[in-house]
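Asker: First, the structure itself, so that you have it in front of you.
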Amino acid sequence: MMKRVVAIREKFRDSALAEEYIEGREFYVGVLGNRDPVAFPPAEMDFSGLPEGAPRVLDARAKWARNSVEYKGTKSIMPDLPDELRAKLQKVALEAYRALRVRDYGRVDLRLTESGEIYVIEVNANCYLEKSSEFAVAAERAGIGYDKLIGRIVDLAAERARIGD
C-alpha cells in the first residue's frame, strides 16, 4: 500500500488518504434542514449485478462509465427495512450531518456490517439533486415532491442569509 500512496503523492503532489474497506450493505441517507434537520428514508446501493469477487464499491466507473460492468452491475433501490434499522441509519446520518455542521441539505453514505455496526463512509454536503438522484427519490418517498424539495433548499439558504449564518 505504501507504494501506491507514494505514487499518488508524486503524481498529484498532494496528500494521499487510505481508507479501510468495510464489507457490508451500503446506504445513502438524505438529510434536509438546519435547526431541526430531517433524515429521509435510506436508499441502498444494490451490488448484486456485479461479478463474483468484484469490489462492492461505487467508484467512478460504476457512476459514469455506462458501458462498464460496474455501471451495469449496480443500482440504487429503496429497500423495505425494519423500522428499528431504518431509525438507526437515520439517527447515525443525522449525527454525522450535525457533527460536520452541514447546512441546508446533504447525503450521508453509510456501511452496515453483518454484525450490525454502522460506519459513516462519507458526508456529502453537495449531493446530486436531479430528479432521479437517491436524494430526490428518498425525499419523494418521505412525501416531499421534487419542486417542493428544491424550493425548501432555496428557502433554507435564504433564511441563513437573512440571519447571517
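Asker: Give me the pairs, please: first residue somewhere in the stretch 137-158 and within 15 Å of PRO37 (Cα to Cα), second residue anywhere and acidic (Asp, Glu) and modelled with pLDDT of 95 or more, beta-carbon distance under 7 Å, and either six or more positions apart or on two chains.
Answerer: So the pair list comes out as ILE153/ASP104; LEU156/ASP104; ALA157/ASP104.
Asker: Being loosely packed, with under 10 Cβ neighbours inside 10 Å and over 22 Å from ALA54 (Cα atoms) is the filter; apply it to the stretch 18-38 and report the residue that is modelled with the highest pLDDT.
Answerer: Ranking the qualifying residues of the stretch 18-38, first place goes to ASP36.
Asker: While we're on this one: So which pairs qualify, if the first residue must be in the stretch 3-24 and touching a residue at least 40 places away in the same chain (Cβ under 8 Å), the second must be of a type in the set (Asp, Glu), the Cβ gap must be under 7 Å, and the two must be at least 6 apart or on different chains?
Answerer: GLY24/GLU114
Asker: Of all the strands (runs of 3 or more DSSP E) wholly in the stretch 66-165, which have at least 1 residues that are among the basic types (Lys, Arg) and either within 14 Å of the chain's Cα centre (by Cα) or more than 13 Å from GLY30 (Cβ to Cβ) (or both)?
Answerer: On the way: elements: 75-77, 105-112, 118-124.
It comes to 75-77, 105-112.
Asker: Residue check, ALA136 against (1) within 15 Å of PRO42 (Cβ to Cβ); (2) in contact with a strand residue (DSSP E or B) (Cβ under 7 Å, 6 or more places away or on another chain); (3) not basic (Lys, Arg), all met but one. Which one?
Answerer: (2)
Asker: Residue by residue through the stretch 39-65, note down the ones that are assigned to a loop (DSSP other than H, G, I, E, B), within 17 Å of the chain's Cα centre (by Cα) and charged (D, E, K, R). Full working, then the answer.
Answerer: Just the residues of the stretch 39-65 that are assigned to a loop (DSSP other than H, G, I, E, B), to begin with: 40-42, 47-59, 65.
Then drop every residue that is not within 17 Å of the chain's Cα centre (by Cα), which leaves 40-42, 47, 56-59.
Scanning the stretch 39-65 gives ARG56, ASP59.
Asker: Those residues that are touching a Phe, Trp or Tyr at 6+ places or on another chain (Cβ under 8 Å), within 25 Å of ARG56 (Cα to Cα) and hydroxyl-bearing (Ser, Thr, Tyr), I need them from the stretch 75-110; list them, please.
Answerer: SER76
Asker: When ALA65 is evaluated against the numbered criteria (1) of a type in the set (A, V, I, L, M, F, W, C); (2) surrounded by 13 or more Cβ atoms within 10 Å (Cβ to Cβ); (3) touching a residue at least 12 places away in the same chain (Cβ under 8 Å), which criterion, by number, is the only one it fails?
Answerer: Checking ALA65 against (1) of a type in the set (A, V, I, L, M, F, W, C); (2) surrounded by 13 or more Cβ atoms within 10 Å (Cβ to Cβ); (3) touching a residue at least 12 places away in the same chain (Cβ under 8 Å), the one that fails is (3).
Asker: Do the conditions hold for VAL31, that is, is it in contact with a Phe, Trp or Tyr (Cβ under 6 Å, 6 or more places away or on another chain) and farther than 20 Å from THR113 by Cα?
Answerer: Working: in contact with a Phe, Trp or Tyr (Cβ under 6 Å, 6 or more places away or on another chain): yes; farther than 20 Å from THR113 by Cα: yes.
So VAL31 fits the description; yes.
Asker: Suppose we filter the stretch 121-136 for residues that are free of Cβ contacts under 8 Å to residues at least 40 places away in the same chain and either surrounded by fewer than 17 Cβ atoms within 10 Å (Cβ to Cβ) or not aliphatic (A, V, I, L, M) (or both); how many remain?
Answerer: 10
The values are calculated or read from the model by the stated rules, or taken from the named source; none is laboratory data. Worth saying up front: this structure is predicted, and the values here are computed from it rather than measured. Reconstructed Cβ throughout: ideal geometry from the backbone, glycine too, with neighbour counts over all protein chains shown.
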